Amino acid sequence: MVTDAERLKAVSRSELMNSPPDEAYDRLTRLAVRVLNAPAAFIGIADDTHVFLKSCHSSDGAQLNVVSVPLAGTICEAIIRSGEMLIVEDFTSTPELTSGALMVKTDLASVIALPIRDSDGAVLGSFSVIDTAYRQWTQNEIEIVTELTSCVTTELELNSMLRDSIARATDIQASEARKRAILESALDCIVTIDICGNIVDFNPAAETTFGYVASQVIGEHLVDLIVPSHLRAAHRAGFDRYLSTGEAHVLGKRIEISALRANGVEFPVELAIVPIEEPVRLFTAYIRDISERRESAEQIAASQLMLTVIQNAQSHFIAEDDIDSTFSALLAHLLVLTQSSAGFIGEVLHRANGDPYLKVHATSDIIDSTGVATFGTADFTHDIEFELTNNLFATVAETGTYVLSNNARLDQASGWLPEGHPEVSCFLGMPFYQAEELLGVIGIANRQDGYTDALVEYLAPFLATCASLVSAYRVRQQRQIIQETLQIERDFKTAVFQTVGALVMVMDRTGLVLEFNPACEEIMGYSASEVVGKRIFEAPFYHEGGRDDSRLFWSNLRDDWEPEGFETRLEARSGGPRLIAWTMSTIRDIQGRISHVISCGIDITKQQENEVALIQARKNEIEIGAKIQQTLLITRAPKSICGFRIGTVSRASQGIDGDYFELFNCGLPTEHFDLLIGDVMGKGATAALLGAASKSQFQRAIRRLIVLLREFGRTPEPSEILAAVHAAMTTDLVRLESFVTLCYARFNPWTKIVTMIDCGHTRTIHFHSQTGECSFIEGKNLPLGVRLEETYLPLRVPLERGDLLVFYSDGVTEAANGAGELFGEDRLLLAVESGARLAPQELADSICEAVGAFTGKTSFTDDFTCVAVSFDAEIEPLPLLRDAREFESNLDKLDSIRSHIRDFCQLRAPAPLCDDTTDLLILAINEAITNIILHAYEGREHEWIQIIAEYHADAVIFYIHDAGKVFHPDAIPQPDFDGGRDGGFGYYIISQCMDEVYYDHYDLGRNCLTLIRKITPADLMHSQERANRYEI
Amino acid sequence: MRFEASIENNVLVVAIEMVTLDATNSGEFKQDIGPIIENQSRVLFDLSNLNFIDSSGLGAMLSSLRRISAAGGQLKLCGLQPRVQSVFTLVRMNQVFDISATRTDAMHSFSI
């Protein structure tokens, strides 16, 4: 309590109230301000009404005029009431403490204050460190203030001790006066000698003091008995000088000198010699033993010396911050104080496994019996450590009290000294403690007179000082380690931050940018000043979408967020996009809350660009390949031809591997048709180009062979075509180390034979409609490009109506599912068998679906080609009348073409068509031919136009072939029916005249326009008319 | 090019004597008819002899119609054989041209 009588007595006893400034205390407040980097620290001592500001230091050095304030409402009062540490992080939360009462600053925000206690535990006041800003006091800071406060206590103790010593000295002086009176009368020694120096009188006091019986010494030479040997010569000389010259130096004076007892011990005496001339010349010496008096004076001097030593050590430590030099100085004083020749001061530390050991901070040279400095060092500059097991130091540490041995030689037999340690004659070991904790050991040795308990008592303040120094040292060391670590980290971070090529940004947890390193500046083109101090999502380098994402991130940031890496697309000042790969990390406070977020980024724009470029390049190649495949390889097949129905599926893969197939007409379209299906080894544009080359080689070969064989009236055989293509391509294929697998098949509905040449292609599946079973057709030829001398041998496969052939690329059978299993021939066979009764297109689609279902993928890694051909003559019966005729591309031929068509439709037709229908067909053909001559051949004469006319039971079909420019029916505009334009009616007229119009560009580069007009009875010439006209 | 042009009751009557009008001769027709129909406000084409016309021929007819209309004149057609008539109908040119069955009908329609 504030008004507690004991406390007030203690305050009064401390003599601190209204005392003058004291450097010892100012040093502590100064230290607090400096170490804690706080605006101010003060020591307040309070009586029952006021707080006296014993010491105050502020960081700006401002002097405080106020030295005493009323106690009520002060921190000091709060501390005295509670007797406990007071920590305020935010002063606004403690309204009971008014800032005005805090004496130092009115804008005070946080404080840490500890009670100052004297050695009896009474609270005298408070040690306070304040800050003008909100502050979280760290554990380390709290420990530092605690330590500084304990230094105040130590200082108080030292002062108290000093006062006690002075008081004791005063007491001693008083008792000396009393003693002197007694000694005057009874205790002074009186020794009388003659001129020869022989003792003639020796009183009882002398007997007691010197230890001789008078009868023993009477007649003996004084000098030999009580004068110490080192003084005898001087004594004799002075005595002789006086006798011969009368010159006296000591006679009639009180001098202090040493005397010798019977036991040989020297002791201080006060001596006064009075010469007696009458009746006999004698000299009477009044001798007083001043041992005790000298001793008391020495004790005071020793106390004062001790205080000086302690104060010096504290000053030294506070100033130098070096425990070793502090302890070295202390040890030097200790050896002098204790008249010891050897000693050490050590700190007890613990190893990682918990074993204690002694770390020596100061030691004297240890001289062995041969005079050589041994035991490690004569120059104590580095650490010496002793294990605390089985030695003297361990005993000190374990017993918890001092160990005194004045017969060390004997005691050493028990193995007290560490190995290698020189022997000692006597030894004093003392542990020192802070609270209950053993902090260290002091050892001294080889005091000439041995050690005493009194000496131990005398050294108690020394031990306390050592304890407080070690404590302070530890706190300081801990702080220093932390600070050094922090500084190293800070330096390291700064160095890394400044020089690293990576982008480094530091944000607080609200996203406020604190750091923006040079790499950021360089890469983003914005200076740190444009970014630092803003929220990161307000930074200029965000795209709007990225800005929103960032804002969302920061507003949702929680303490349990696990830092992660991600990529962001930013925009540099130059406008160039920057792709940055970020690695995030966090700094957390002691409560584990995120205080800062560090983003470390690498500019991967280039890398990304390269990757994109690479992907683009691949994509381009695939696109080129796909384009080649679309334009050159993939054939748009007719649904039916020559009594065969055809179904095809052709899917370009992601990789384009040069699958192709093609339908050829080598003779008249109704005679037969040829199917080529091929696959080039390899992938990409090269494969696609080789596929295209292979296909065009077939076209060229067929065209040349047709021309060559035309005069013989026959069409080229598949083996001849293969041989021609082989001749054209194999050398190049061998050189390119590539090859083409293919199957060339000629379907002849008239002979019901498929003539097939298989060059290493996938085995063709033949579904037999009569048995419902499938078989494989496999040829013996090698792929194109494998062997230079290859003879192509055709297989002849007879077909029945309803039979089905399935051709496919290896992309079908080698399609793999997730487990790496291939679709395979067996599954394909099953798919063909189960779908054999479907239309060929539906079958091809179902195979494609089956493969897709098997792989579980929608896209194919290989090209996927499947051609199903079914032989079903009923679908497309042979025409009743067929006529094929070639015309020159000359407008003058129009008239004869019209006549030709009229003849076909009316004169030659099995059932002549009526005039109106015939006119429409003629008009349509006229338009088609005109277009071919003017547009496809661009007016060139002497080109050919083939008109194939078929008269079926239910339709008339015209196939008009030419080799002119490709025609694009879709590009034809609708005609202008208002008469605004002369042309544009041709195609419209054709489509109006015919029921179906197909245009195909295929087969040796030929255009084929197919015109179909269905025949109904109304289209037929009336029988009477026919009779009249043709005179039947 | 075989035309027979005459003025009857302020109408230029052009008798087309060709049997066919197709890509072989429609260009020639357009070229030759130009001077004949120039500055004529009333023109009648008599197509009685024509037994085939295709889209090229239609183009030549349209060309003539536009030239006469542009000068503020009228072009009428007459005497179309069924086969020719059907081609006009096929491409809806019967809606563009004023077609009369006979020359008399046509002359009468001019006088209305």
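The values are calculated or read from the model by the stated rules, or taken from the named source; none is laboratory data. Remember, it's a predicted structure, so these values are computed and weren't measured experimentally. For neighbour counting, all protein chains shown are included, and Cβ atoms are generated from backbone atoms with ideal geometry for every residue, glycine included.
Return only the number of the condition from (1) at pLDDT 85 or above; (2) surrounded by fewer than 17 Cβ atoms within 10 Å (Cβ to Cβ) that residue A:252 does not satisfy.
(1)
Determine, yes or no, whether residue A:1000 is away from chain B (no Cβ under 14 Å), assigned to a strand (DSSP E or B), out of contact with any Phe, Trp or Tyr (no Cβ under 6 Å at 6 or more places or on another chain) and among the charged types (D, E, K, R).
The answer is yes for residue A:1000.
For the structure I just gave you, tell me whether residue A:652 is modelled with pLDDT under 75 and either in contact with a strand residue (DSSP E or B) (Cβ under 8 Å, 6 or more places away or on another chain) or surrounded by 21 or more Cβ atoms within 10 Å (Cβ to Cβ) (or both).
Yes: the conditions hold for residue A:652.
Which pairs have Cβ atoms under 9 Å, sit 6 or more apart or on different chains, and link a residue in the stretch B:53-76 that is at the interface with another protein chain (Cβ under 7 Å from one of its Cβ atoms) to one that is basic (Lys, Arg) and surrounded by fewer than 22 Cβ atoms within 10 Å (Cβ to Cβ)?
Sorted first by the residue in the stretch B:53-76, then by its partner, the pairs are B:59/A:981; B:59/B:30; B:62/A:981; B:63/B:30.
Being more than 13 Å from the chain's Cα centre (by Cα), among the polar types (S, T, N, Q) and more than 11 Å from every other protein chain (Cβ to nearest Cβ) is the filter here; which residues of the stretch B:94-112 pass it?
Matches in the stretch B:94-112: B:104, B:109, B:111.
If you go through the stretch A:23-60, how many residues are touching a residue at least 40 places away in the same chain (Cβ under 8 Å) and surrounded by fewer than 15 Cβ atoms within 10 Å (Cβ to Cβ)?
1
I'm checking my understanding of the structure. Among residues of the stretch A:915-950 that are assigned to a loop (DSSP other than H, G, I, E, B) and away from chain B (no Cβ under 11 Å), which one is surrounded by the most Cβ atoms within 10 Å (Cβ to Cβ)?
Residue satisfying both the conditions and the ranking: A:937.
Of everything in the stretch A:107-165, what is acidic (Asp, Glu) and in contact (Cβ under 8 Å) with a residue 24 or more places away in the chain? Give them in sequence order.
Scanning the stretch A:107-165 gives A:107, A:118, A:120, A:131, A:141, A:143, A:147, A:155, A:157.
Any idea which of (1) away from chain B (no Cβ under 12 Å); (2) within 22 Å of residue B:55 (Cα to Cα); (3) in contact with a helix residue (DSSP H, G or I) (Cβ under 6 Å, 6 or more places away or on another chain) is the one residue A:912 doesn't satisfy?
Condition not satisfied by residue A:912: (2).
Out of A:940, A:898, A:885, report the one residue that is outside the structural domain of residue A:662 (by TED's automatic domain parsing) and touching a helix residue (DSSP H, G or I) at 6+ places or on another chain (Cβ under 6 Å).
Going through A:940, A:898, A:885 in turn, the sole match is A:898.
Here are the criteria: (1) modelled with pLDDT of 80 or more; (2) in contact with a Leu (Cβ under 8 Å, 6 or more places away or on another chain); (3) crowded, with 20+ Cβ neighbours inside 10 Å. Tell me which single one residue A:117 does not satisfy.
Residue A:117 satisfies all of (1) modelled with pLDDT of 80 or more; (2) in contact with a Leu (Cβ under 8 Å, 6 or more places away or on another chain); (3) crowded, with 20+ Cβ neighbours inside 10 Å except (3).
Please verify whether residue B:107 is surrounded by fewer than 21 Cβ atoms within 10 Å (Cβ to Cβ) and of a type outside the set (S, T, N, Q), treating the condition exactly as stated.
When the stated conditions are applied, residue B:107 passes them.
Right, residue A:812: among the aliphatic types (A, V, I, L, M) and either farther than 25 Å from residue A:842 by Cα or at pLDDT 90 or above (or both) or not?
It is false that residue A:812 is among the aliphatic types (A, V, I, L, M) and either farther than 25 Å from residue A:842 by Cα or at pLDDT 90 or above (or both).
Does any residue in the stretch A:906-920 that is of a type in the set (S, T, N, Q) come within less than 7 Å, Cβ to Cβ, of a residue that is at pLDDT below 90 six or more places away or on a different chain, and which pairs are these?
Final answer for the pair search is A:906/A:1021.
Which of the following residues is surrounded by fewer than 21 Cβ atoms within 10 Å (Cβ to Cβ), within 14 Å of chain B (Cβ to nearest Cβ) and at positive phi: A:984, A:980?
A:984
Restricting attention to the stretch A:432-456, report how many residues are surrounded by fewer than 22 Cβ atoms within 10 Å (Cβ to Cβ) and assigned to a strand (DSSP E or B).
4
Which one of these is assigned to a strand (DSSP E or B), over 30 Å from residue A:698 (Cβ atoms) and more than 14 Å from chain B (Cβ to nearest Cβ): A:1026, A:1013?
Details: A:1026 fails: assigned to a strand (DSSP E or B).
Matching residue, one of A:1026, A:1013: A:1013.
Please tell me if residue A:594 is touching an Asp or Glu at 6+ places or on another chain (Cβ under 6 Å), surrounded by 12 or more Cβ atoms within 10 Å (Cβ to Cβ) and modelled with pLDDT of 70 or more.
yes
Regarding residue B:34, is this residue within 9 Å of chain A (Cβ to nearest Cβ) and either farther than 14 Å from residue A:919 by Cβ or at pLDDT 90 or above (or both)?
The answer is no for residue B:34.
Looking at the stretch A:719-740 only, could you name the residues that are farther than 14 Å from residue A:782 by Cβ and hydroxyl-bearing (Ser, Thr, Tyr)?
A:719, A:731
Scan B:91, B:43, B:87 and give me the residue that is in contact with a Leu (Cβ under 8 Å, 6 or more places away or on another chain) and more than 14 Å from chain A (Cβ to nearest Cβ).
The unique qualifying residue is B:43.
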